[in-house]
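The values are calculated or read from the model by the stated rules, or taken from the named source; none is laboratory data. Keep in mind it's a predicted model, so treat the numbers as computed, not measured. Every residue, glycine as well, gets a Cβ built from its backbone with ideal geometry; the counts of neighbours run over all protein chains shown.
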Amino acid sequence: MKRWNKRLWASMSVTLAIVTVMAGCSDSNGNGNNGGNEPKATGAAGDSSAVFELGKEPLEFSFYGHYDWYTMPEWGGDLATKWIKENKLVNVVPVSSGGNAKNKMSTMIVSGELPDVIWMERGAEVEKLRAEGMLVPFDDYLDKYPNLKEWAGESTLDMLRSPDGKLYQFPNWYTTQPNGNAGYLVNKKIYQELGSPSLETTDDLYAYLKQVKEKYPDVVPLEVGQSASGVDIMVSAFAENRPYLFNQMMAVPKGNELVSLFTDPVYRELLQYSSKLYREKLMSQDAFTQKREQVEQKVVTGQIAVYVASSPTEFGAIGNSKLSEKDPDAGYIMIWPVHKEGLDRNKIFPGDYKQLGWNVSVITKSADNPEAIFAFLDWFTGPEGQRTIMWGPEGIYWEGTDAEGAPLFTEAFTSDIKGRDELMNSTVNFQWNGNTVYVDNSKMKFESTLPEEQRNWETRWQSEITWKTQYNTTEFVNLDPAGDTDEGIIAQSVFEIYEQARARAITTAKSDEEVNAILDKAEEDAMKVGYDRLLQFKTEKWQENVSKLNAAK
């Protein structure tokens, strides 16, 4: 990291320190400027026309994951990054959030230092850094290093551009086809011992959870994860074409407008159902207090009957491997998303996907050679980089490629399943520039040739269920205002009302009527702090996205 001009930092530290770190925050109307330190000349020997070649000279840069939960593993401590470090001469130095990303960012600002790369959510915080002249634009690099442009496509890059027209964000898991893992994980042994009953409707699920509670008192019938995040996934059961993203947006589309979530009948039905499960002890009772590690422990050890989450396969894959190793009849399966009786099961979408993917990496002007870093990120998102970080270096689980650049997997890929899965699990937290289409198509091409028992557990359920039940929500990206604007302050107040109402409705309400009363009060309180103004702001941003997407067709 490079120390910045103190006066520049002093002028912006207060502004940036108050920006909230809500996932999915997006878009501001600020205009870019060229303040701050300029990046050093790029390319070889300061020649801007030269291309930086990985492996010819060492490249080291600092990397900060702007999340409370994220701790970067040791770079070079696994087969994949060890190979990159030795063969591409790239070393990545981690900067930890210390479990408090908001404070860490503020501390770096006040101290006058930023890491070379920040991995973070798209949106308001990115735009703050950009507007203060802290970020390096990528436009001059896109043709020199063509993987991102080729694989993401112009329409995706255009959606990522800042108000000044330039591109500062390198997307992660961008896609032009469905992806995602949201859905329902089921403990296979418990399910079979209870006679493998129907688990298609919300009534089926309720009846099954009651059976579990009676027969397995030490097992959590329905695990909903940290902060009860799985509850949001279940909103999909109560309406067709209803992803949980609308809950996170605190807004629901109605015609060409976004309207209140608190008065939405579908959201109310979700909380009524969830409240019933909670008060009958069919849902994890520590949902609002447990830590991520506690959820993982329960899933991995088989202490849950059903787990609903945005990515249940993350813990499910580990749990399935450990449980089935001890008992061939144990492990996990996934089920088609449950739905309210009378709805079309093929229009139920517990998760969503966006062309822009998940989050982004930005390069700050602290970097000595930002072009070299971009060259690495571009290689990382290209076929060779993706093959390496997903399945390790060539020669173990793959050898050579086919005409389309997909890896040709070796015999070890199917015979050494434990070793393969351990390698893949060890690199999950290095996948900052995931190329969804390349990775998914490569593994599906191969997996389709294998018998079921040899398929990767996660890939099997992705192909059979989860990818078929994710909804395209690209039009709803970047709706949130910057935290220090009037709308941003309103958004924070409404979010606090939303969180409190959601928790009270689930954990304290004794009836459907009490759930409705809590939401009525939330609606009243939200309107008092300007919720209608926030909805208008989000509606305008939504319609701008719709126009951009229509123009790209």
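Data overview
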{"item": "Residue within the range 147-160 that is part of a loop (DSSP other than H, G, I, E, B), of a type in the set (A, V, I, L, M), under 22 Å from Q386 (Cα atoms) and touching a Leu at 6+ places or on another chain (Cβ under 8 Å) present", "result": "no"}
{"item": "Of all residues making up the range 318-338, the number that are out of contact with any Gly (no Cβ under 8 Å at 6 or more places or on another chain) and buried (at least 22 other Cβ atoms within 10 Å of the Cβ)", "result": "1"}
{"item": "Search result, residues across the range 85-119 that are touching a residue at least 40 places away in the same chain (Cβ under 8 Å), touching a helix residue (DSSP H, G or I) at 6+ places or on another chain (Cβ under 9 Å) and crowded, with 20+ Cβ neighbours inside 10 Å", "result": "K88, V90, V95, M105, I109, L114, P115, D116, V117, I118"}
{"item": "Number of the condition not met by T539 [criteria: (1) in contact with a helix residue (DSSP H, G or I) (Cβ under 6 Å, 6 or more places away or on another chain); (2) at negative phi]", "result": "(1)"}
{"item": "All positions within the range 198-211 that are under 31 Å from the mean Cα position of the chain (by Cα) and closer than 16 Å to K276 by Cβ", "result": "T201, T202, D203, D204, L205, Y206, Y208, L209"}
{"item": "Residues that are assigned to a helix (DSSP H, G or I), in contact (Cβ under 8 Å) with a residue 12 or more places away in the chain and either under 20 Å from G319 (Cα atoms) or not polar (S, T, N, Q) (or both), drawn from the range 194-222", "result": "D203, D204, L205, Y206, Y208, L209, K210, V212, K213, K215"}
{"item": "Whichever residue in the range 154-172 is under 16 Å from N435 (Cβ atoms) and at pLDDT 95 or above and, among such residues, is surrounded by the most Cβ atoms within 10 Å (Cβ to Cβ)", "result": "P171"}
{"item": "Search result, residues across the range 496-515 that are of a type outside the set (V, I, T), within 29 Å of P481 (Cα to Cα) and buried (at least 17 other Cβ atoms within 10 Å of the Cβ)", "result": "Y498, A501, R502, R504, A505"}
{"item": "Those residues of the range 91-141 which are of a type in the set (S, T, N, Q) and either outside any helix (DSSP H, G or I) or under 26 Å from E154 (Cβ atoms) (or both), in sequence order", "result": "N91, S96, S97, N100"}
{"item": "Residue match in the range 381-399 (condition: out of contact with any Cys (no Cβ under 7 Å at 6 or more places or on another chain), in contact (Cβ under 8 Å) with a residue 24 or more places away in the chain and of a type in the set (D, E))", "result": "no"}
{"item": "Test: residue in the range 39-48 that is part of a loop (DSSP other than H, G, I, E, B), of a type in the set (G, A, S) and modelled with pLDDT of 55 or more", "result": "yes"}
{"item": "E464 being closer than 27 Å to G316 by Cβ and among the acidic types (D, E)", "result": "yes"}
{"item": "Of all residues making up the range 120-153, the number that are crowded, with 24+ Cβ neighbours inside 10 Å and among the charged types (D, E, K, R)", "result": "4"}
{"item": "Sole exception among (1) touching a Lys or Arg at 6+ places or on another chain (Cβ under 8 Å); (2) assigned by TED's automatic domain parsing to the domain that holds N550 for A207, by number", "result": "(1)"}
{"item": "Criterion violated by N441 - all others in (1) at pLDDT 95 or above; (2) part of a helix (DSSP H, G or I) satisfied", "result": "(1)"}
{"item": "Which listed residue is modelled with pLDDT of 95 or more and under 25 Å from N320 (Cα atoms), from D218, D203", "result": "D218"}
{"item": "Residue count for the range 444-490, restricted to those that are closer than 29 Å to E544 by Cβ, assigned to a helix (DSSP H, G or I) and touching a residue at least 60 places away in the same chain (Cβ under 8 Å)", "result": "6"}
{"item": "Options L423, L408; residue that is in contact with a Gly (Cβ under 7 Å, 6 or more places away or on another chain), outside any helix (DSSP H, G or I) and not charged (D, E, K, R)", "result": "L408"}
{"item": "Selection count, the range 237-274, where residues are within 16 Å of R533 (Cα to Cα), under 23 Å from the mean Cα position of the chain (by Cα), in contact (Cβ under 8 Å) with a residue 60 or more places away in the chain and surrounded by fewer than 23 Cβ atoms within 10 Å (Cβ to Cβ)", "result": "2"}
{"item": "Test set (1) in contact with a strand residue (DSSP E or B) (Cβ under 8 Å, 6 or more places away or on another chain); (2) modelled with pLDDT under 95; (3) on the phi > 0 side of the Ramachandran plot; (4) not aliphatic (A, V, I, L, M) - G225 fails condition number", "result": "(2)"}
{"item": "Identity of the residue in the range 348-364, hydrophobic (A, V, I, L, M, F, W, C) and modelled with pLDDT of 95 or more, that ends up farthest from R122 (Cα to Cα)", "result": "I348"}
{"item": "Any hit, the range 188-203, residues being buried (at least 21 other Cβ atoms within 10 Å of the Cβ) and either farther than 27 Å from T381 by Cβ or touching a helix residue (DSSP H, G or I) at 6+ places or on another chain (Cβ under 8 Å) (or both)", "result": "no"}
